[in-house]
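Inspection log for the structure reproduced underneath, given as structure tokens.
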Amino acid sequence: MTTREFFSTIIFLFSLMAVLSLVELVIPLFARDQRSRGRLIANLGLTAVTLVLNWGLSSAAAVIALVLSQRRGLLVPLALPLPALIAISVVTLDLFTYLAHLTMHKIPSLWRIHSIHHSDPFLDVSTTLRQHPMEGIWRLLWIIIPVWILGLPASGVVVYRLLSSGNALFEHANIRFWQPLDRVLSLVWTTPNMHKIHHSRAPEQTDSNYGNILALFDRGFRTFTPTEQALSVIYGLEDSDSKREKSFPGLMMLPFARSWHDHS
Ligand SMILES: [Zn+2]
């Protein structure tokens, strides 16, 4: 990723964050209370770390892809047109992102890292990139593997990452989405209400709706929970420490904390 591409991405993300923040004021899903206060600095700090890390990692990944020569991927001999390759890239990378997310819930050491994202006691646009830097590295590995094996084009990865970032902001925003429409769209798309359920304190809800853009994988792998339940969800973690969950250094050190109750 060049410096210019990095700043274009930043402008796109911050513009969308600003618009969604305004929509949150007009049609909030949940009213703000003491759970929503005091989180912004920690969330924006982790957002800044994630963006800079992704820039560095994407640049490194571009060099690795060049060295490995994408032209040897399984799809290359088929000589498919670029739109078809971009469509294949979006679906394939979304499947691998689903699997990356699922593994972070099933492997205890990875859950320690991913729990930073789930420890937010309230959900809004600032939650989207509230993640530990090691989560970014894990997710990128799951992107590199299909790119390398299939020989997916760089433009396919760029389109996927833009769609993924945009949808992630939308999923986390504290906005009221019309339930009947949400229910129909969740047949194929990971809607805002669908993802809200994944942030529930109830384990049976947390262990569902792992999807990123497409709902098809949750439906296919039987990890789908109906979106009506979003309206009664209580966010966060049952055993969380309210001081740490709102502190930037506290969240950075959370995976290494001694008093840890592994997710099961
Ligand atoms: Zn999760």
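The values are calculated or read from the model by the stated rules, or taken from the named source; none is laboratory data. Note that the structure is a prediction, hence the values are computed from the model and not measured. Don't worry about glycine lacking a Cβ; one is built from the backbone with ideal geometry, like all the others, and counts go over all protein chains shown. These area figures cover heavy atoms from the full protein model, side chains too; ligands, DNA and RNA do not enter into them. Shrake-Rupley method; radii C 1.70, N 1.55, O 1.52, S 1.80 Å.
For residue 27, the solvent-accessible surface computed with a 1.4 Å probe is close to 80 Å², ligands and nucleic acids excluded. If only the Cβ of Lys and Arg carry +1 and only the Cβ of Asp and Glu carry -1, the dipole of segment 3-256 around its Cα centre is close to 340 debye.
Between the alpha-carbon centres of segment 12-29 and segment 152-204 there is a gap of 15 Å. I'd like the orientation of helix 154-172 relative to the chain: the angle between its Cα long axis and the longest Cα principal axis, in ° from 0 to 90, rounded to 10. The answer is roughly 10 degrees. Helix 133-150 and the longest principal axis of the C-alpha atoms of the chain enclose an angle of approximately 30°. Ligands, DNA and RNA excluded, the heavy atoms of residue 194 present near 0 Å² of accessible surface to a 1.4 Å solvent probe. A crude spin-label estimate for the pair residue 21 and residue 239, with each label 7 Å from Cα along the Cβ direction, gives 3.5 nm. If R0 is 25 Å, the Cβ-Cβ spacing of residue 145 and residue 79 corresponds to a FRET efficiency of close to 0.65. Ranking 238, 24 from most to least accessible surface, computed with a 1.4 Å probe over the protein chains only, gives 238, 24.
A full extension of the chain between residue 154 and residue 109 corresponds to an added length of 13.1 nm, given 0.36 nm per residue minus the alpha carbon distance.
Close amide H partners of residue 32, meaning residues 5 or more places away or on another chain with modelled amide H under 5 Å apart, do not exist here. Only one residue of 181, 205, 80 has its Cα farthest out toward the positive end of the dipole of the chain, where Lys and Arg carry +1 and Asp and Glu -1 on Cβ, and that residue is 80. Residues whose amide H lies under 5 Å from that of residue 214, counting only those 5 or more places away or on a different chain, are 190; hydrogens are built 1.01 Å from N in the peptide plane. Counting 0.36 nm for each residue step from residue 31 to residue 248 and taking away their Cα separation leaves a gain of 75.7 nm. Net charge near residue 172: determine it from the other residues with C-beta under 13 Å of the C-beta of residue 172, scoring Lys and Arg +1 and Asp and Glu -1. Result for the local shell: -1. The fraction of accessible area contributed by carbon and sulfur in the chain is 72 percent, rounded to a whole number (1.4 Å probe; ligands and nucleic acids excluded). Helical runs assigned H by DSSP (4 residues or longer) give the chain a calculated mean residue ellipticity at 222 nm of -19000 deg cm²/dmol, each run adding -39500 (n - 2.57) before division by the residue total.
Between residue 7 and residue 222, the contour length at 0.36 nm per residue exceeds the Cα-Cα span by 73.5 nm.
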